[in-house]
Each structure stands twice: as structure tokens, then as C-alpha cells.
């Protein structure tokens, strides 16, 4: 587009008047759902009073009386409607019975898919339901009461839309969007309570989408259902982590993009067939309803449907000039209808991403369009603007910035649409004629495979993700940088040379980050961040390391070893057969030369891998590492069961570069006391704290080791309370410096200039 064209079609100014009223409604919904009713109403009255006072004092506000009144009216409306909805959940017969933890016999309708949850006391299944009638303590209650249902153990045979007989114990909810939580003891489908035909049709289409790509690679077969309707249960932990690092997580959840692609495909087919404007609007509405049924009418899906239509509505009412107004009214509608969405991180990201696309993408597209084809300019502008808009909220939520996110999103942008539309098409034709579905699925695998490759390769780049913290100062700085870039980037994008220079500089920062390199100079030991589990790496030489335990996730330990440039493992030791120590073994074995694997009494079954028995007194050397087995001191007569496996852990004394390191598995006080008796004069430089730093420790043994440094491997926000504050205080009070992985970092013990130290990544 040249300058002459710009003069012939001057762009109307962006209408931002509705932004503050929308923010007022949003704030009112947050206030209503997150604070007691009295607090919410009093706070609102105070804000309204201050607003009216300011209106009477400030001349600029007096000239905008209708706008000021709209701000205050939407604030009051959101608070009043939200508090009424919340009060209905907090009070009434069901809420009272929940407070009494009564057992109920009820008729309920399942309103969400079943989701498996791993908890501290085993697996559970959770889903949402609406109680239609209920009997408890001689009282019968009728109505439509939203509840969250928990089922311990195996999943019941129920599905969304089904009417069931539900027996369970009520409890107060942990989320004010529900009236109660039900711990179910019995769930049975009612006669004649099968889901309606539209639910059956949506389920068959979901199954057909999965079947169309079933013959492809595991990552592609899992990604396509996530793109089409948000079902991400089959995604591997490795791919999920790679997408998070590369800034592509938004592709794995239902968003407005899914709906936009679906509606766009429907309209693209309808136009050549002669459908008029009204027919196309009707088709768009039907496509939206179908999308909500396919992806399930959960709050995140409803939010995605609303946001996905903003772009279409904005274009029909004036494009960018009125897009902000359209987005603002969409936000108002969402928070008034469902005030609990106002506190959803997904809603925040969806709103700001849509705002970025509406406000920035057209300007950036036109700037880039001066020197590249319009279709290419649009493919670049849309994901880049959405990514920039989401940067500050992502930092506030996670404390991280993905340095490769913009580039990764640009690379996958041309493939997202084809993969999504072809995935849906494969399911649709598969319903009509099953053999044809995999044929379309073969075509779907090309763009979907490209997305997988980009996500994995981008995550492998050094410096792909930077931890910056989530404090208010950091978020304010990132927000300021975002505003500056949003205001000035179009000037750079107009010029080919300047744009290429900026892209080149970004690549240099990503590939050669300014932060200190990893692994750190002089490292001898690294405790990998593998979540709630253990994986310890001992440097055996260039490109070689001894690995002790592998954590719960193959992808996490593989990532840690790749970051350390470990290509060969002369020794792999498994301390005991618990999932948080052995489930990641494939991540160590994949693509690396492993000489042998050692294990003690508690040992995993590994097909195709020779396991060497380890016993007290065994000694060997692997490169720069010398190892001695110190425990278990007492060998059990029978194979340890799950309860006794911790005290049957292999305990190793390692020496690397003159540093004595004690690796303790998960030994608990009985085994610790046995070690103390067997080795009363044992002194070490570094201690791998047993059992993720739990509170169950033998204090005399722990502090008598004389360790100057200690590592604790535990998962961020784990439900076990690891590491225990009293254990940390005990170690630190005796002069031990503790390095922890639970903040989400690998930690290393290093030797530099003959001195022992620690480095946190």
C-alpha cells in the first residue's frame, strides 16, 4: 500500500471511549466474586460517591456526563448482578446442607467432561453437574444448583448431558462459582436420562477427529484434537513443556482463534455457493453453536466463542476504528453473564490478545505491506500483535518471558489454520464415510507436524525462556516496554532494512543470551528441576555424566541433560522404585549411550535393559566420578513394598574433583539412624537432602554430616509441603547453604579456584 492510497482512504480514529466502562464492569465482577457481599457493596458505594464528586469538580468530566454515568452504571450493575449470583451460591438450602456436610440423594445432569486428577491420596475424577432435585435429612430441594463432583478411584460410566442418580456427601466449595462440592459414593445413569442427540453427535465428531489422525505420529495425533476442540489429554508432558517454553501454549487450549478459523472456513464455502449476507450471518451463528457443543460449553469455551466473534463484528461495524468498542462491549457482556470469568487468567489473555489483534495488527499489516505481500504481512502482524499484548500478563502470571515466542508464532501461523480446518474436515468426512477420514488426516499431518517441529526446535534453543520474576516493578517495566513498542513498532516495520536488523538482533539475543551461560563453569553436580521428584547429575568428563534417579517426567530429565550437553552416561543408578525417581528413565536412555544401570533391593522392571545389583561396599569409578555404596545398611529379606521402598533406597557416596557428595534417595529416620550407626564419622561437603526435604529427618545424623552445601529437589507448589520449613531451618542453623529446585530452576554445585560454591539457573 503506497502513500497515495493512504491519502485516498484516510483511516478513522480508533474509538476508545468504551475501554474504561468495560474495565469498570470487569472490576465490579471481580469485587463481587472475590469479596464478601457487604464489602463489595460498600466499596462500590464509595467509588460511586467519589466518581460523582469528581464529576462535579472536574470540568472535563462535566462535559462528558453520559460517559461518566455509563462507567458508574456498569460498575454498579456488575457488582449488583455478581453479588446476587454469588449470594445465591453462598446461601440457601443446598449451601446450608453443604456447611453441615450432609449426605444427599439427588438427581443431577452432568455438565462437563470427566477429568482425571492426581492428588496426594491417589487419583480422582472430577466433573461439573447441576442438581435438579435433592433429598437430605428429610428435606427435599428442587432447582438448578451448580456443584463440582469428586469421585475417588475409577471413573464412573457417565458422560456430558446425561441425567444421573447421585449419592454423596456435600461440602462447602473452594470456588464461589459452585454452591457445593459433592464427594460421590454412587453414580448411576437414570433410565431415559441419556444425553440429547446433539451431545451424541458432538461426541461422535470428536471421536472421528481423533480417528482421522490415529495413524500419524503420537505428537501429531494428540495435537490435532487440541487444535480443533481443545482436548489435550493425550499430549505428552514433553510436548506440553516445549510449547510452553516456545510460547505456543495458546494453541493447546480452546481460544477465539479456533472459532475464527471455523467461521471463516464456513463463510469461505458459503460465499461461492451464493449465500447472501443474512444467510452467512445465520451460518456463522450455527457454526458458533456447533463449536460450543464440540468443545463443550464450559466457561473457557463460552469466553472463546465471544472473543472469537469480536473480530467479525468489528469488521462489520467499521474494522479497527470501532474494533475496540466491539471488544469492550464483549467484555461487558461476558462479565455480566458470568462474573466468575472476570478472575480467569484465560479470559484476561484472550481479551488482551484480541485487543492486540484489533488495535495493532491492522497498523502493522499496512506497515509491512509496503514491502511484502499483503497475505504475508497479515500472517506476521496477527500473531506478533497478540504475542506483544500478552507479554505483560504472562509475566505477571508466570514470571517468565519466552524469547522465541514471537518467532515461533510467526513460523506456525500459516499452519494453524490448515491444521485446524483440515482436522475438523477429517472428522466430518470420517463420520460420513470412515475410510475417507484418514485420507484427510494424512493431509492434516503436514501442517500439524510443522507446528510440532517448530515448538520442539524453538524450545531447544539456548535462552528460549528467561525468568524475570512476577513482582510489580518487573511487570510495570515490561508493561512500559510493551506500550513503547506498540506505539513505535509500525515506524520500524515500514522499512525492510530496519525490520531485518531488529529481527537479526532478536535472534542474536536468543541464540547467545546475555545472561550467564549454562552449564556454569566448574560444575560438579546438578540437581535437575524435574518437578516433584529426584534427578541428580554428576560430571564424569566432557559430554559424560553419572545420573542418579530420573525424576517423574522423561522430558524434564532429557531437557536437563541436553542443557548440560551430556551425550553419554557411563552409569545410571536408580535409588528405589518410586515413580518420582524412575518414570523419567526413558528420557535418560533416549539418544544417549548408557553403559549400565544399577539398582538395589527396590528396583524397577525395565524391558531390554540389563540391571546390575548394587550392595553395600560396592565401589567403582566412572570417568571423573568415584562412587561407593553405603546403603541400605540392612537388606530386607523380601522385595520392598511401596511403603518400605524409601528406606531401601541406595545411598551413594560420590567424589568429584575432590568434593564428597552424599546421595540419599528417600531414606527416612529409621534408615538414617542405621547409617549413623554404620558410619558414625562420615563427613561430606554436599548433601542431597533425603525425601525432597520432608519433615521426617533424623536431626543428629543430618546435621552431623557437616555438609556445607545441600540440594533439595521438589516440585513447585507441591501438595506434600516439601521442603519442610523445619528441615531447612535445621540445616541453615548448622551452617549449610541449601539450593532448592522447587522455585523452578536447576541448581548446581561448582568448584572455582579451589572453592566450593552454588549456582541457581
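What follows is calculated from the coordinates using simple rules that are stated; it is not laboratory data. From a predicted model like this one, the values you see are computed outputs, not experimental measurements. FYI the Cβ positions are ideal-geometry reconstructions off the backbone, even for glycines, and counts take in every protein chain you see.
Given R₀ = 35 Å, what would the calculated FRET efficiency be for residue 717 paired with residue 69, taking r from the Cβ atoms and rounding to 0.05? About 0.20, to the nearest 0.05. Taking every DSSP beta bridge with both residues inside the stretch 642-740, roughly what % is antiparallel (nearest 5)? Looking only at bridges with both residues in the stretch 642-740, the antiparallel portion is about 35 percent. Which percent, to the nearest 5, of DSSP beta bridges fully inside the chain are antiparallel? Of all bridge pairs located within the chain, approximately 75 percent are antiparallel. Length gained on full extension, residue 579 to residue 485: 29.2 nm, using 0.36 nm per residue less the C-alpha separation. For the chain, take the longest principal axis of its alpha carbons; what is the angle in degrees between that and the long axis of helix 472-493, to the nearest 10 within 0 to 90? Helix 472-493 sits roughly 60 degrees off the main axis of the chain. In plain terms, the chain from residue 200 to residue 432 could stretch by 82.0 nm, reckoned as 0.36 nm per residue minus the Cα-Cα distance.
What residues from the stretch 564-578 fall in the zone where the backbone N is under 15 Å from a label point 7 Å along the Cα-to-C-beta line of residue 237? Those under the cut-off are 578.
When each of the peptides 92-100, 194-202 is scored by the mean number of other C-beta atoms lying within 10 Å of its residues, the order from highest to lowest reads 92-100, 194-202. Take the Cα of residue 48, step 7 Å toward its Cβ, do the same at residue 289, and the gap between the two points is 3.8 nm. Cα centroid distance between the stretch 642-715 and the stretch 522-586, in Å? Answer, in whole Å: 18. Taking 0.36 nm per residue of sequence separation and removing the Cα-Cα distance, the residue 207/residue 167 pair yields an extension gain of 11.4 nm. What is the antiparallel percent of DSSP beta bridges lying wholly in the stretch 89-240, to the nearest 5? Given both bridge residues lie in the stretch 89-240, the antiparallel proportion sits at roughly 90 percent. Relative contact order, whole percent, for the chain stands at 9, derived from Cα pairs under 8 Å and 6 or more residues apart. When each of the peptides 474-487, 658-671 is scored by how many other beta carbons lie within 10 Å of its residues on average, the order from highest to lowest is 658-671, 474-487.
For residue 611 and residue 20, FRET efficiency with R0 = 56 Å and r from the beta-carbon atoms, rounded to 0.05? Numbers along the way, then the final one.
Working: r = 66 Å, r/R0 = 1.18.
The pair residue 20/residue 611 has a calculated efficiency of 0.25.
Computed from Cα positions, the angle between helix 554-563 and the longest principal axis of the chain comes to roughly 80 degrees. Taking label points 7 Å from Cα along the Cα-to-Cβ direction, residue 567 and residue 60 give a separation of 6.4 nm. Helix 197-212 and the longest principal axis of the Cα set of the chain meet at an angle near 50°. A Förster radius of 51 Å combined with the Cβ-Cβ distance from residue 282 to residue 457 puts the calculated FRET efficiency at roughly 0.75. Normalised by the number of residues in the stretch 523-760, the average gap of Cα pairs under 8 Å and 6 or more apart makes the relative contact order 19 percent. Remark: spin-label model distance residue 726-residue 439 equals 6.9 nm, labels positioned 7 Å along the Cα→Cβ axis.
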